[in-house]
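Input: a single structure, listed below in structure tokens.
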Amino acid sequence: MEEKWTKSQKVHARELFDLALGREYAELIDKINTTKIETPDDVWDLHDMLGKKRKELNGKYDYRYSQLMFVFAQLVRGGYLSLKELEPIGKEKQASIEKMVNFKGFET
């Protein structure tokens with residue numbers, strides 16, 4: 001069953017989505033800034049890592065409303081959002097996401 005999103009929930013969901021994505025990009029930038037690049041092989045290793053990360057992010061950050069509950073659960077599990085930050089999208093959605101986060105079979 002697809003979740004219904006109110007206009008207000010959609011606005012907050014977008015803000016949370018962008019917040020998490022920004023945090024993940026900041027983490028990536030920090031990793032790049034601490035990477036020591038001294039050889040041509042280091043350059044290509046960085047290139048390969050960035051390609052893998054782009055593919056990972058494109059798969060993870062899916063802003064279809066039918067997928068957002070799963071996306072948010074994954075972001076909470078990954079540490080990019082907290083359950084408390086999800087309050088603006090409503091208690092029911094927050095509780096459903098918390099159940100997914102705590103479900104042992106849920107993969108991130």
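Taken over region 84-93, residues that are among the basic types (Lys, Arg) and surrounded by 13 or more Cβ atoms within 10 Å (Cβ to Cβ) amount to 1.
Considering only residues that are touching a residue at least 40 places away in the same chain (Cβ under 8 Å) and either acidic (Asp, Glu) or in contact with a Phe, Trp or Tyr (Cβ under 6 Å, 6 or more places away or on another chain) (or both), look in region 18-62 and name the one that is nearest to Ile89 (Cα to Cα).
Residues of region 18-62 that are touching a residue at least 40 places away in the same chain (Cβ under 8 Å), as a first pass: 19-21, 23-24, 61.
Narrowing further to those that are either acidic (Asp, Glu) or in contact with a Phe, Trp or Tyr (Cβ under 6 Å, 6 or more places away or on another chain) (or both): 20-21, 23-24.
Working: Ala20: 15, Leu21: 17, Arg23: 19, Glu24: 21 Å.
Among them, the one singled out is Ala20.
Would it be correct to say that Pro88 is of a type outside the set (Gly, Ala, Ser) and under 25 Å from Glu3 (Cα atoms)? Considered against the rule, which asks whether it is of a type outside the set (Gly, Ala, Ser) and under 25 Å from Glu3 (Cα atoms), Pro88 comes out as yes.
Conditions (1) surrounded by 14 or more Cβ atoms within 10 Å (Cβ to Cβ); (2) of a type in the set (Val, Ile, Thr); (3) in contact with a helix residue (DSSP H, G or I) (Cβ under 9 Å, 6 or more places away or on another chain), marked per residue:
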| position | (1), (2), (3) |
| --- | --- |
| Trp44 | no, no, no |
| His47 | no, no, no |
| Lys53 | yes, no, yes |
| Glu56 | no, no, no |
| Gly59 | no, no, no |
| Met69 | yes, no, yes |
| Val76 | yes, yes, yes |
| Ser82 | no, no, yes |
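Where a number appears in this text, it was derived from the coordinates with a stated rule and is not lab data. Note that this is a predicted model, so its numbers are computed, not measured. Note that each Cβ is placed from the backbone with ideal geometry, even for glycine, and that neighbours are counted across all protein chains shown.
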